[in-house]
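**Q** Please see the structure below; I have some questions.
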Amino acid sequence: MNEEEFHNLVDLYYDRLFRAARFMGGDERVAEDLVQDTFLAAADARDRFQARSSDYTWLYGILLNKFRRWLRRKSLSFLSLDSLGKGGDSSGAELIKSKSRGPAEEIIRREDIQRVRRAMERLSADHRAVVALRYVEALSYQEIADALGCPLGTVKSRIHYALQEVAAYLEKDE
């Protein structure tokens, strides 16, 4: 992969990786650092990239490794999603789309979004990653397995248990 091809990768995938990093880390500064570290690592490894997966899957795998290292350094088990959906981009807040609503419906919708955020904060990093890839990035189960370097069954299991945890929290939170 030459330098021009690499710059094209950055242009193509920066925003998607930033949204994923923001979802995982909950903070724009952290997301920015993670994505920059991801592209620096990818630049170092671009000659070794064998195209066994899509470019995005390869980059996401690097991002996920950077995120895990960041978590270990910070000794965090749960992340804050307080900033998710702010700033007018197409991250988290658009998970729940709204049409023209009255004030009462809008208040209920905002409360529902906050409940989902609180539930997501309780997920482990692995569960949050699969949820982000599936429902924010809209990747297939196989693409998620490729990005995480784990079996397809593991991805399905993690998504299943993550959704069960979210549902249990939401049920308890009513």
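Bear in mind that the values in this text are calculations on the coordinates, not laboratory data. Just so it is clear, the structure is predicted and the values come from calculations on it, not from any experiment. Please note: Cβ atoms are built from the backbone with ideal geometry, for glycine as well, and neighbour counts cover all protein chains shown.
**Q** Arranged by the count of other C-beta atoms within 10 angstrom, fewest first, what order do ILE107, ILE113 take?
**A** Placing the least packed residue first, the sequence is ILE107, ILE113.
**Q** A further question follows. So how do LEU17, LEU71, LEU63 line up by other beta-carbon neighbours within 10 Å, fewest first?
**A** Least to most surrounded, the residues fall as LEU71, LEU17, LEU63.
**Q** Can I ask one more? Using 1/(1 + (r/R0)^6) with R0 = 25 angstrom and r between the beta carbons of GLU171 and ASP126, what's the FRET efficiency to the nearest 0.05?
**A** That pair, GLU171 with ASP126, gives E of 0.65.
**Q** Same structure, new question: Note down the nm distance, to one decimal, between modelled labels 7 Å out along Cα→Cβ at ASP44 and at GLU28.
**A** According to this spin-label approximation, the distance is 2.8 nm.
**Q** Here's another thing I want to ask about it. Pop the C-beta distance of TYR161 and ALA138 into the FRET formula with R0 = 22 Å and round what comes out to the nearest 0.05.
**A** In this case the efficiency is close to 0.60.
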